[in-house]
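Student: Got a structure for you, questions after.
The values are calculated or read from the model by the stated rules, or taken from the named source; none is laboratory data. These numbers were taken from a predicted model, which means no experiment stands behind them. Counting neighbours? That spans all protein chains shown, and the Cβs are built from the backbone with ideal geometry, glycine included. Ligands, DNA and RNA are stripped out before the accessible areas are found, and what is left, the full protein with its side chains, is counted by its heavy atoms. Shrake-Rupley method; radii C 1.70, N 1.55, O 1.52, S 1.80 Å.
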Amino acid sequence: MNFSRQALLGIGMIIGGSVMLYAMVQQIGSGDGQTAAPAIVDQTSTQQAVSAPLTTDIDTEKRILAQKQKERAARVAEQEKRAQEFLAEQESAEAQALAKARAENQQYRANMTSTGGDEDSPEAAQNAIATPAVQPRTDTEVTATNVADSNSAAQAEKKAQEAAAQAQAKKQPEAEAKKLAEAKKQEEAKKQAEADAKKKAEAQKKAEEQAAAEQKKQAEVKAAAEAAKSAPPTAPIDYDVKRGDGLLRLARQYNVPVAALAQANDLSPSASLQLGQTLTIPSRKQVERLEREAAAAEEKRKKEAEQAKKSAEAKREAQQKLREARQEVKQTDAKGDFGVQVALAGNQASADEVAKKFKSAGYQVKTSATSRGVRVIVGPERGKVAALALKDKINTDPKVNTTGAWVLYWR
């Protein structure tokens, strides 16, 4: 096995060197052909430059030529540097291969010695591997090899990029599908979480509504019990007044309004009670009836007060108009006296009764017998305007309570 490995290694190195030598020779030949063409081109360009008129000065042409030569020298130096680096790498690889071959040869000899074999035998001589002689290559060989390796490396890199692109193109649909599946899974999880949260919120809301309804029901029951406890008695009660009793104290004791208790006993709410006096504690229905009557009485009182207020305002307005009318008559010196007839009585006694009512209200009243009855006339007023104002005042005066007054000429 060791002999076969060493033999194969040696044969591979020989074949590789031959192939490399052939490639360098071919590269040198093609390189010579390539270098010849630029020389011809440069010569033709130079001849054309000499024959054709210059478009720029000579110094500029020299600087451009020097720059091109400098760039060419830089490229050549870079290629030589790369060739030297490649040569160093090749020499290092060959040295490592040679060291490995020597180590394997020594191991083989050691094995033969330990097993009692003769390393000088023909088999050992045949198995021994001759140490290849390493000769340095020329710069031309190195350059050719560098160019070939660079082309191979570029092709290998291009193939690797294409393979990577194909692999990426193949993986992209899978990645997209995986991404879509993951997004769909997350969306479903989100919807499930929202549904669970909604169910939880609905259950919590329902529980809160039930608790609120139960609490309301308990409150209503409690309020009803409190109301029954604090309500007036269901039937009237006769109570004898004791020392220290009063309407307010008894009203609180039996949960009835003070006004209802006083009204049920025909008393004033501020009246004092006598020791031994018997009072009637009204029942619940009596209290409700008394409260309704009190509310109706209060409403009636308010209406009467409002009506009295309106009547007073109308009276003041009529009085003001009467004063203004009298002032106007005085200023214009109107002639003629007028009176206001307020009633036509059937006899003198009835006329005197009406006249008495108007006199008590502060009016000047006279009676006058006619063929149709006895007239009751208020006045006189100088001028018809003043008489009309007096008529309005009489019709709005609540003390006399009449609306049939009318103006007539005073005779």
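For (1) among the aliphatic types (A, V, I, L, M); (2) touching a Gly at 6+ places or on another chain (Cβ under 7 Å); (3) in contact (Cβ under 8 Å) with a residue 40 or more places away in the chain, each residue gets a yes or a no:
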residue: 259; (1), (2), (3): yes, no, no
residue: 263; (1), (2), (3): no, no, no
residue: 269; (1), (2), (3): no, no, no
residue: 274; (1), (2), (3): no, no, no
residue: 280; (1), (2), (3): no, no, yes
residue: 286; (1), (2), (3): no, no, yes
residue: 299; (1), (2), (3): no, no, no
residue: 307; (1), (2), (3): no, no, no
residue: 316; (1), (2), (3): no, no, no
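Student: Only residues in segment 374-392 that are without any contact (Cβ under 8 Å) to a residue 40 or more places away in the chain count as the first member; pair them with residues that are open to solvent by 50 Å² or more (accessible area, probe 1.4 Å), Cβ under 7 angstrom, at least 6 apart or cross-chain, and list the lot.
Tutor: 374/347; 374/348; 374/367; 375/344; 375/367; 376/367; 377/366; 378/364
Student: Would you check if there is a residue in segment 365-379 being modelled with pLDDT of 85 or more, within 18 Å of residue 351 (Cα to Cα) and assigned to a loop (DSSP other than H, G, I, E, B)?
Tutor: yes
Student: Mind counting the residues in segment 237-265 that are open to solvent by 80 Å² or more (accessible area, probe 1.4 Å) and either among the aliphatic types (A, V, I, L, M) or under 14 Å from residue 294 (Cβ atoms) (or both)? Break it down stepwise before answering.
Tutor: Kept after step one, since they are open to solvent by 80 Å² or more (accessible area, probe 1.4 Å), are these residues of segment 237-265: 238, 240, 242-243, 248-249, 252-253.
Remaining after also requiring either among the aliphatic types (A, V, I, L, M) or under 14 Å from residue 294 (Cβ atoms) (or both): 248.
Number of matching residues: 1.
Student: Moving on. Identify all residues within segment 382-398 that are open to solvent by 20 Å² or more (accessible area, probe 1.4 Å) and either among the polar types (S, T, N, Q) or in contact with a Gly (Cβ under 8 Å, 6 or more places away or on another chain) (or both); write none if there are none.
Tutor: Passing the criteria: 382, 384, 395, 396.
Student: If you go through segment 380-409 one residue at a time, how many are over 17 Å from residue 324 (Cβ atoms) and in a strand (DSSP E or B)?
Tutor: Looking only at that region, the number is 4.
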